[in-house]
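Asker: I'd like to ask you about the structure that follows.
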Amino acid sequence: MRHKLLLLTSQNDHYQELLASCHLPEITLLGDEPSSIVNADIWLAEPALAAPLLPHANQLTWVQSTVASVDALVQPRQRKDYKLTNVRGILGPLMSEYMYSYVLAHRQEHNKEQIQKFEKNTFPSSFKMLMGQKILLLGTGNISKHLAQTAKKFGMYVTGINRGAKPTKGFDKIDTLANIAHHITQADVIASILPSNPLTRGALNAELLSLMKPSTIFFNLGRSDVLDLDALYMQLIKNSDQQAILDVFNQEPLPKESPIWSLENVTIAPYIATPSFPEQVVEIFSNNYHKLLQGEQLSHNVNFARGY
């Protein structure tokens, strides 16, 4: 059987070059004419571009997402009669570099060093070591496992939150979302990498955020609807020593009129915590394609019910 592949990305030309170098057998790369949506049985796609076209895909059997987040494809009313895979296996190192660069900058007071330079003055630093500090990772998937591994190298105590308190390698303690309040009160660093589902939406509300320690560094790196942004805004107004690094929002880009822009203890990143590089995406797609030809199970399958 010869497969027909459709590219639905913002970098189609680059993906075409990379795929050509793979010399994949028994596959035809279709053009961008409307008939390709109907005829292609495989899509290599950005979820936001693919979602509105799903009803027209008569031959579709597999979608390889170019990113880890597939929210647009797992909504309740979307079709689920095909295989969906993502690229979650490559994002741990990227997220780790991103997150700990901020943790170290804040704990070692890099901002104060810039102020000293501007004022041509020096004063004693009160920076804190990461060794012995506690980090709370909301979610224990592939990305969190890498974050936990890095935390242990710094000598941090790592607590993870997952669905059933399932023991996970690399964590000192695992608990469920129902018991999160106890762990928030003790955490020096909190990072949410939770998926979006009925159990997690709105989980980080005003009541829980109010339990954070005075100098907590908070990251929202997973799904935007897990966090009550208005509640976080009020929390950070009252607690100027707390820091928030936010990479995802319900509305992107974040509206200019949002009051959270004005807070000095907030860093707003343009959705850059886990970029997907085409070279890595194509490597995953190529490996999965060969598995498809051999009748093997594809890597990084998405569970439609769970959304990840």
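Asker: How far apart, in nanometres, would the label points at A72 and V38 be if each is projected 7 angstrom from Cα along the Cα-to-Cβ direction?
Answerer: The modelled label-to-label distance comes out at 2.3 nm.
Asker: Separate question: Determine the per residue accessible area of the chain with all protein chains present and a 1.4 angstrom probe, expressed in square angstrom.
Answerer: Per residue, the chain has an accessible area of 52 Å².
Asker: Using each residue's phi in segment 176-188, evaluate 6.51 cos²θ - 1.76 cosθ + 1.60 at θ = phi - 60° and report the 3J(HN,Hα) Karplus result to the nearest Hz, with x for Gly and Pro.
Answerer: 9, 4, 4, 10, 5, 4, 4, 7, 4, 5, 9, 7, 8
Asker: I would also like to ask the following. In a shell of Cβ-Cβ distance under 12 Å around H183, excluding H183 itself, what net charge do Lys and Arg (+1) and Asp and Glu (-1) give?
Answerer: Counting the neighbours of H183, the net charge comes to 0.
Asker: Under a point spin-label approximation (7 Å from Cα along Cα-to-Cβ), what is the E207-S258 distance to one decimal in nm?
Answerer: Taking the two extended label points, one gets 2.5 nm.
Asker: Mind ranking 233-239, 164-170, 217-223 by how tightly packed they are, going by the mean number of other C-beta atoms within 10 angstrom, highest first?
Answerer: 217-223, 233-239, 164-170
Asker: Only one of the values (1) 19.5; (2) 18.9; (3) 21.2 was calculated from this structure for Kirkwood radius over Cα pairs in Å; name its label.
Answerer: (3)
Asker: Okay, next question. In percent, what relative contact order does segment 34-93 have, based on Cα pairs under 8 Å that are 6 or more apart in sequence?
Answerer: After rounding, I find 34 percent.
Asker: In the chain, what percentage of the DSSP-assigned beta bridges are antiparallel, given to the nearest 5?
Answerer: 5
Asker: Next question. Carbon and sulfur together cover what percent of the accessible area of the chain at a 1.4 Å probe radius?
Answerer: 53
Asker: Please list, ordered by chain and number, the residues whose modelled amide H lies under 5 Å from the amide H of K83; skip anything fewer than 5 residues away on the same chain.
Answerer: Those qualifying (amide H under 5 Å, at least 5 residues apart or on another chain) are W62, V63.
Asker: Also, quick follow-up: With labels modelled as points extended 7 Å from the Cα through the Cβ direction, what inter-label distance (nm, one decimal) is found for A178 paired with E17?
Answerer: Label at A178, label at E17, 5.4 nm between them.
Asker: Hey, another quick one. Going 7 Å from the Cα of I268 in the Cα-to-Cβ direction, what parts of segment 197-213 have a backbone nitrogen less than 16 Å from that spot?
Answerer: From segment 197-213, the list is empty.
Asker: Run lengths n ≥ 4 of DSSP H only: what is the helix-derived mean residue ellipticity at 222 nm for the chain, with -39500 (n - 2.57) per run over all residues, to the nearest 500?
Answerer: Computed ellipticity for the chain at 222 nm equals -9000 deg cm²/dmol.
Asker: With all protein chains present and a 1.4 Å probe, how do H56, H3, H23 order by accessible area, largest first?
Answerer: H23, H56, H3
The values are calculated or read from the model by the stated rules, or taken from the named source; none is laboratory data. Here the structure is a predicted model, which is why all the values come from computation and not from measurement. Here the Cβ is made from the backbone with ideal geometry for all residues, glycine too, and neighbour counts use every protein chain on show. Heavy atoms of the whole protein, side chains included, go into the accessibility calculation; ligands, DNA and RNA do not. Shrake-Rupley method; radii C 1.70, N 1.55, O 1.52, S 1.80 Å.
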